[in-house]
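Bear in mind that the values in this text are calculations on the coordinates, not laboratory data. Since the structure is predicted, the reported quantities are computational estimates derived from the model, not experimental observations. With ideal geometry, Cβ positions are generated from the backbone for all residues, glycine too; neighbour counts draw on all protein chains shown.
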Amino acid sequence: MLLRRPPPCVQLQARAAPPPAAQPLGLSPPQPRRRSRVRCAAAEGSGDAAEVQAALKAAVSREDYAEAALLRDRLTFLLADTRQGIEAANARFYSAFERMSAAEMANAWGTGDHVRCTHPGAACIVGRQEVLESWALVFQAGGKLRIRCEEVNVYAQGAMGFLTCTEVVEGGSATGRLACTNVFERGDDAQWRLVHHHACPAPRL
């Protein structure tokens, strides 16, 4: 009688993970790249233009071009939005001037001891209340004015910005040209308001 040999026992074993690759002496294994919270915030919508610009420069330095592209787009949006905000505040100021509206003029100006105004040929006036009183005196002269701004340039950094322009004032048969610098500050309500106005006669070209 032939005896059948029993089948060999088969044992299933967990497959062992391959040993880690040897690292050159003195070198640590590479770590995954992590973006800092500051850079993430700048790319995802928080932070002002200065912070985004700094994050963009850092991203380019470390050759993180994907994040640099996001930051570049964010910076473009912020600069355009800031310029439009300052130009809108400038338009409100000149609308109040043209309409000779004390209420509109008060809304166009910011607050604080740093508020300044220098009318053509006059000394610098300091303080919000004193500045508004000076405009009330200007409005007492009456008359109808038409004002437009030419050669407008805007610069902004953070919550401060300024606009330079040539202010063309038409009243009756007379036309005056003034070189103006208007400084704006962005308040807690995100609105830009005037904190300094300086006007002087512009040279005739």
Q: Would you be able to tell me the number of residues in the stretch 155-186 that are hydroxyl-bearing (Ser, Thr, Tyr) and within 19 Å of residue 131 (Cα to Cα)?
A: 1
Q: Go through the stretch 61-76 and give me each residue that's over 21 Å from residue 155 (Cβ atoms) and surrounded by 14 or more Cβ atoms within 10 Å (Cβ to Cβ).
A: 64, 67, 68, 70
Q. Considering the stretch 77-115 alone, what residues qualify as being surrounded by 13 or more Cβ atoms within 10 Å (Cβ to Cβ), out of contact with any helix residue (DSSP H, G or I) (no Cβ under 7 Å at 6 or more places or on another chain) and outside any helix (DSSP H, G or I)?
A. 101, 110, 114
